[in-house]
Amino acid sequence: MEYIFRNVITQEVAYNSLLFDRRRELHGYIGMAIEETYSNRLEEFYEVIAHHYSKSDQHGRTLKYLKLSGEKALRNSSAWEAFEYYKRALEVLERHLEGAEQKKNKLEILHAMMSPIILLNFPDESLGLLEEGATISRELDDQKSLIRFYGNIGFFHTVKGRHQEGIRFSGKAFDEAVAINDLTAMAQTAPDLCVSNLATGQFKTVIEITSCMVHAIHKAEKEQDNFGGPAIVYPTFYALSGFSMAHLGRFEEGLSNCLYGLEEAKASDNLFTISLSRNYTGMAYLLRGA
């Protein structure tokens, strides 16, 4: 054991004695060696490769593997890890890119961050990130992107108890999505608007919105699509609709919608969607007195 300890110390001293440029060069070589050696099972090593490239001059590869690590973490339901990898990717962009290229890459990462931000119930820096995304969207004249950020800013305000601000931002986003007849933008913003209206007791409005969206998604045959968000929205709309109906005393119809949404959620195998559907179904039963 003493020999192993001395060996580790010796390696650490040797590493620290290297010139900084030489260290960066070695980390770059290690990253490339892992890529070549494990090319047939690369996903297992995304995080390790990102670590080595982040200590090298390979900024493009650093960015690539930080993003891949974030996507992998999100697939594995590790929202905090995903959030941190994306934050590190933003830091790389701040240090090493500028101009239009930086903005386009930033926008891509900020879009990817929306799911972990929502799953984590909006960490402290969330509003700043969402507002930065809206600003870049305006600068790049990307209307669809701007619509999505407005919708999530509205959801943020609703979660924080500022319901009228939530309706203002989410409503503007949904109206603009409807105006350009973009199903993806509508599906991204409608859930936020529904939650804002639920919080203020506007149950009829929720039923109208969800009815419109269920019809549109079914017509497009996209019942198992998450449209870039954390939840599969088709079953979520059924659950939101059923819960709203229960609030209006339409218990049988409401529970039927909730239970159908729950079955669709189970078919999606998306844990976030299943938990949402179970929650709204349970609350509908509670309103009924069961």
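The values are calculated or read from the model by the stated rules, or taken from the named source; none is laboratory data. None of the values given here were measured: they were computed from a predicted structure. Here the Cβ is made from the backbone with ideal geometry for all residues, glycine too, and neighbour counts use every protein chain on show.
Values for this structure:
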item: Selection status of I153, over 30 Å from G249 (Cα atoms), in contact with an Asp or Glu (Cβ under 6 Å, 6 or more places away or on another chain) and either modelled with pLDDT of 95 or more or not charged (D, E, K, R) (or both); result: no
item: Evaluation of T210 against (1) under 18 Å from the mean Cα position of the chain (by Cα); (2) free of Cβ contacts under 8 Å to residues at least 40 places away in the same chain (one fails), failing number; result: (1)
item: Cβ pairs under 8 Å, 6+ apart, first in segment 71-83 and closer than 16 Å to L42 by Cβ, second among the small types (G, A, S); result: E71/A82; E71/A112; A73/A79; A73/A82
item: Candidates T210, T205, T200, T189 - the one that is polar (S, T, N, Q), surrounded by fewer than 20 Cβ atoms within 10 Å (Cβ to Cβ) and either modelled with pLDDT of 95 or more or in contact with a Gly (Cβ under 8 Å, 6 or more places away or on another chain) (or both); result: T205
item: L271 being modelled with pLDDT under 95 and either over 19 Å from the mean Cα position of the chain (by Cα) or charged (D, E, K, R) (or both); result: no
item: Cross-chain or 6+ apart pairs with Cβ under 8 Å, segment 240-252 first and crowded, with 24+ Cβ neighbours inside 10 Å, then charged (D, E, K, R) and in a helix (DSSP H, G or I); result: G242/E253; S244/K204; M245/E253; A246/R288
item: Pick from segment 88-110, criterion within 24 Å of N226 (Cα to Cα) and surrounded by fewer than 17 Cβ atoms within 10 Å (Cβ to Cβ), ranking: farthest from the chain's Cα centre (by Cα); result: K104
item: When residues of segment 160-217 are limited to those that are basic (K, R) and assigned to a helix (DSSP H, G or I), the one farthest from P123 (Cα to Cα); result: K204
item: Residue satisfying all of: in segment 158-185; touching a residue at least 24 places away in the same chain (Cβ under 8 Å) and in contact with a Phe, Trp or Tyr (Cβ under 7 Å, 6 or more places away or on another chain); surrounded by the fewest Cβ atoms within 10 Å (Cβ to Cβ) among these; result: T184
